[in-house]
Amino acid sequence: MKKYPDYIEYAASIKPSERQLEWQKNEFYAFMHFGINTFTDSEWGSGNEDPELFAPEELDCRQWARLCMLSHMKGIILTAKHHDGFCLWPSKYTDHSVASSLWKGGKGDVVRECADACREYGIKFGIYLSPWDRHEDSYGTGKAYDDFYVNQLTELLTGYGDLFCVWLDGACGEGKHGKKQEYDWQRYFDTVRKYQPNATIHICGPDVRWCGNEAGVCRKSEWSVVPYYYSEADRIAAAADPSVTKPPKKINPTELDLGGRKAIKHCNRLIWYPAEVDVSLRKGWFYHDSDEYTVKSLAKLTEIYYNSVGANASLLLNIPPMPSGKINEKDVEVILSLGAQLDIDFKENLAEDSVMTDNRHLDDDHIAQKILEPSDESYWHSGGDPEGAELTLDLGDEYDINKIVLGEHIRTGQQIEEFELFVMADGKWKRLARETVIGYKRICRFDEIRARYFKLRINKARCFAAISKFEAY
Ligand code: FUL
């Protein structure tokens, strides 16, 4: 008899692309919603705004980038164009841009300043280019609009150095002539691949999945291996459209189980499509004075961090700059305190020089001790019988610990479905956590305990288990 059902073997064989592996390491990065809405106090602009309204008197992208760098964010995604069609760079293909404003005498380019600032502070830069454009005449006419969109995309892909991602929004409404556009998604993807082959394409794109809400949480079991239809851009767009009463069949991004056995059993095509949690620091995506009281607290942000980065998703935190072009002091303060909290929380990995043992391994190259080697490519492999496999960490001495960070060697796929974590207390193994998936990263938090030994037990897995990260803080 076969040991594993075919569909489980198939799911176990799905692997990330190189670009997805690289993106995964970013973990935490910022969104900057900045544009004409910043000056009209709105969230969705009409497309009829006067470009002269755009007048940031003290635009300071270096402040943005420095803040992100200091707070452990690995990059910035800037709204180069939102639904109103106003471009933050002097696009050749429209006059609805910074070039028509009085800012810097029409010679300014926010995309350039932001890209340069990111480079200066050693973080990555990515762009958001809304397909929905309420200003552009050709919107809703088919190919003519796609040509226009691809031209703008090409300007951004070729003019600003390396981009780590392109964020394609799902919102698709009517344009200025009351028509909706059917986007030629494949053409957009091909354009990104052609000019920026390392960039991941997010949301309405094949590389990174929207977690399904804007509240800052992901699922308890956030699988990176899911049915292919979750990446179909048209369905994602329709599912995100509040005017669509019924979500299209087979895609409901808020569904609780996307990748568990039940969810994948009858699906003949699976893909590697990991989750991103996008959430704003304030109520709105753009800056509004009246949102001052909605700035999230340090406690809330910390919880969001652990519920995303600590649960096999990445965190995209929106920090909306003010009309002046700077980030509000209140926002700066709380983001810096989040950075400081992360410094404290992950100050020193006490497992670094420890000893790890296992009760089974594939071969001598994949023994538990390999996990503690610094390379991502050295890992423990259970061999073909993962259930009941145990890994024991011996810190060599007793330390105060309140977090264990685990990670699967995702280059070989995602396998673990259920695990338990124990600590040796008073001569007995005491359970600290019982969870489902691990994936790229799972942070287990518990009340601080003084201890020397920790144990991970794999209760349920697909065809094997492979762990490359085991840290103690
Ligand atoms: C949504 C947009 O409609 C919002 O304005 C915002 O940009 C958010 C990140 O995505 O679909």
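Which whole-number percent of Cα pairs in segment 431-473 have a distance greater than 16 Å? Of the Cα pairs, 42 percent sit more than 16 Å apart. Rounded to the nearest 500, the 222 nm mean residue ellipticity of the chain from helices alone is -6500 deg cm²/dmol, with -39,500 (n - 2.57) taken per DSSP H run of at least 4 residues. Non-local lysine pairs in segment 355-472, meaning eight or more places apart or on different chains, with alpha-carbon distances under 18 Å, amount to 13. P(r) for segment 6-52, from all Cα pairs and a bin width of 5 Å, is 5, 14, 13, 10, 8, 9, 10, 10, 8, 7, 5, 1, 0 %, short bins first.
Using 0.36 nm per residue and subtracting the Cα-Cα separation, the extra length available between GLU398 and LEU362 on full extension is 9.9 nm. By how many nm would the segment from ASP137 to THR158 lengthen if fully extended, with 0.36 nm per residue of separation less the alpha-carbon distance? Result for the pair: 5.1 nm of gain on full extension. Run the paramagnetic zone check for LEU70: 7 angstrom along Cα to Cβ, then residues of segment 112-151 with backbone nitrogen under 16 Å. Within reach of a label on LEU70, which here means backbone N under 16 Å from a point 7 Å along Cα→Cβ, segment 112-151 contributes 118, 121-123. Compared with the direct C-alpha span, the chain from SER13 to ALA55 gains 9.9 nm at full extension, assuming 0.36 nm per residue. Computed from Cα positions, the angle between helix 329-345 and the longest principal axis of the chain comes to roughly 20 degrees. Computed with the Debye formula from one identical point scatterer per Cα of segment 205-348, without solvent, the log10 of I(q)/I(0) at q = 0.21 Å⁻¹ comes to -1.22. To test your reading of the geometry: what angle, between 0 and 90 degrees and rounded to tens, separates the Cα axis of helix 185-195 from the longest principal axis of the chain? Compared with the principal axis, the helix lies near 80 degrees. For the chain, relative contact order (Cα pairs under 8 Å, six or more residues apart, normalised by length) works out to 16 percent.
One quarter of the convex hull surface built on the alpha carbon atoms of segment 6-345 amounts to 16.5 nm², the projected area averaged over directions.
What a 1.4 Å probe finds exposed on the chain is 48% carbon and sulfur by accessible area, rounded to a whole percent. Each label was represented as a point 7 Å from its Cα along the Cα-to-Cβ direction; for LYS107 and ALA340 these points are 4.1 nm apart. Helix 298-308 and the longest principal axis of the C-alpha atoms of the chain enclose an angle of approximately 70°. By the Cα gyration tensor, segment 355-472 has an equivalent ellipsoid whose semi-axes, rounded to whole angstrom, run 21, 15, 13 from largest to smallest. Return an integer: the convex hull volume of the alpha-carbon atoms of segment 174-215, in Å³ per residue. Taking only Cα atoms, segment 174-215 has a hull volume of 116 Å³ per residue.
The values are calculated or read from the model by the stated rules, or taken from the named source; none is laboratory data. Bear in mind that the values here come from a model prediction, so they are computed numbers and not experimental data. Neighbour counts are summed over all protein chains in view; Cβ atoms, including those assigned to glycine, are modelled from backbone coordinates with ideal geometry. Remember, those area values only see protein heavy atoms, side chains included, never the ligands or the DNA or RNA. Shrake-Rupley method; radii C 1.70, N 1.55, O 1.52, S 1.80 Å.
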